[in-house]
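Contents: one structure, followed by commentary.
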Amino acid sequence: MPDDSEDRAEAWRVRARRFAEEVLTPVAPGIDATDVVPPKVLEGLAAAGFLGVGLPEEYGGRGDGARATVAVLEELAKGNAAVATMTAVHLSVAAAPIARWGTPGQKEAFLRPLTAGRILGAFALTEPSAGSDAARIATRYERVPTGFRIQGAKTFITDADLAGVVLAFATRDATLGHRGISAFLVPRGTPGFSIAQKLPKLGLHGSTTNELRFDGLELPPEALLGPEGEGFRVAMDALAGGRVGIAACALGVARAAWEAMRDAARRAPEDWKSAAVARAFVDVESAAALVERAARAKDLGRPYVPLASAAKLAASRAAVATASRAMEVEGRGAGTRGSLPERLLRDARVFPIVEGTTEIQELILGRELVGR
């Protein structure tokens, strides 16, 4: 049977490109200025099926796998990186873990409204004292007669203030390291769960970043996602898939920056500008090849973790370098607050950090390549 996944992915790309051009690009400056995504954008994402792409059709998702997902995220990011990142988090590290690890009841309760876009999802792992070394989280849980009680705090959590459910991680005993961690589904409005504050950022202004508090948060037994003590595995599995999506977002920013650079060079052609456009083209297309390869491997069920790290490394570097160079080629006015190159550079700078820093990606990839 012929593989039509490429055709399906291209159809999603065309749909997302049209949405980006008609909806996102016109409102992008306003989102950047107000730090608020208009309701019509969120409604449009849901109506177009973008909040269910790559997720199981059995629970209302649109299927079509990782290649379709990265096509959507890349095109959305060209229009607005904040909206693309919000979508990537929702799909890759909130909904996808429920699809893989959830019980039928959890999928009905949470996955179905997530795929329909009736609610957004968030992922809460990072803490004030635990970032790249996730096994050191201090948020604690204990068993109680009614289920679980959780105490602690999370930080740098994307879109938690908009989410209908948060996938949160806690340990029953910090001395156990990763073996003590479990994953929990925390619905919005649960007593003991609060948004402490909204954190200001350099870029991605429409994608909010929050601190969370769990103050005696009590959850029923069915809130546990996956087996108890397997939360670290749930988190690492989610982050591996999430890196493919975030790489696609970074690639979209890199493409937008390259197009801005090319257009500026056409308006005032000089040899050094043409050379900069050529170098950036190679960087962007190389990153695109790695993103595509990682997505294809994931769809085929092949090992993709090293490719995901390589794709994120290449795409995040291409985004930062190309956006920076675009400002130079644009020249006068490029550094003015609100200009396209300036916004792209601020947005690009987050990608070497989120879903595992550049240093962590190099460590993961390096260990894999030398057989450790």
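Every read-out reported here was derived from the displayed coordinates using simple, explicitly stated rules and does not represent laboratory data. Since the structure is predicted, the reported quantities are computational estimates derived from the model, not experimental observations.
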Checklist entry - In terms of modelled amide H atoms, which long-range or inter-chain residues lie less than 5 Å from the amide H of Ala196? => result Glu211, Leu212, Arg213
Next on the checklist: Explain nothing, just compute: Karplus ³J(HN,Hα) = 6.51 cos²θ - 1.76 cosθ + 1.60, θ = phi - 60°, for every residue of segment 90-96 in order, whole Hz, x for Gly and Pro.
Outcome noted: 4, 6, 8, 10, 10, 6, 4
Checklist entry - Residue-wise, which Karplus ³J(HN,Hα) couplings in Hz belong to segment 290-298, taking 6.51 cos²θ - 1.76 cosθ + 1.60, θ = phi - 60°, and x for glycine or proline? => result 5, 4, 4, 5, 5, 5, 5, 4, 5
Checklist entry - For the chain, max minus min Cα coordinate along each principal axis, in Å, sorted largest first? => result 72, 50, 44
